[in-house]
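No value in this document is a laboratory result; all are computed from the given coordinates. What you see is a predicted model, and the numbers here were worked out from it, not measured in a lab. Because the Cβ atoms are built from the backbone with ideal geometry, glycine has one as well, and the counts that use them run over all protein chains shown.
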Amino acid sequence: MVIGRGGRYAVLRVEVADFSAEPPRLGGFDLDAMSGRGLALVEALSDRWGVETHNSGKRVWFELADSNGG
């Protein structure tokens, strides 16, 4: 977790890494499935999000910004 402050904004950045090279998929889950909603929640609630690949897998990150400055 990275917390930064610049200008008028405070930003919370959360990163989750794993060792899979499989890219994350947005959507496509069954309504009665017990998993598969993580990226849909990230998409709906975050200000920005993305995926970074690395030699041993990937890192999914999202940012929440406080436009009131804290």
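So for each of 40-49, 15-24, 57-66 I average, over its residues, the number of other beta carbons within 10 Å; can you give me the resulting order with the highest mean first?
Values: 40-49: 13.2, 15-24: 11.0, 57-66: 15.6.
Ranked by mean Cβ neighbours within 10 Å, highest first: 57-66, 40-49, 15-24.
Run the numbers for Val16 and Met34: contour at 0.36 nm per residue of separation, minus the present Cα-Cα distance, in nm. Mind showing how you got there, number by number?
Values: separation 18, 0.36 × 18 = 6.48 nm, distance 1.97 nm.
My answer for the length gained is 4.5 nm.
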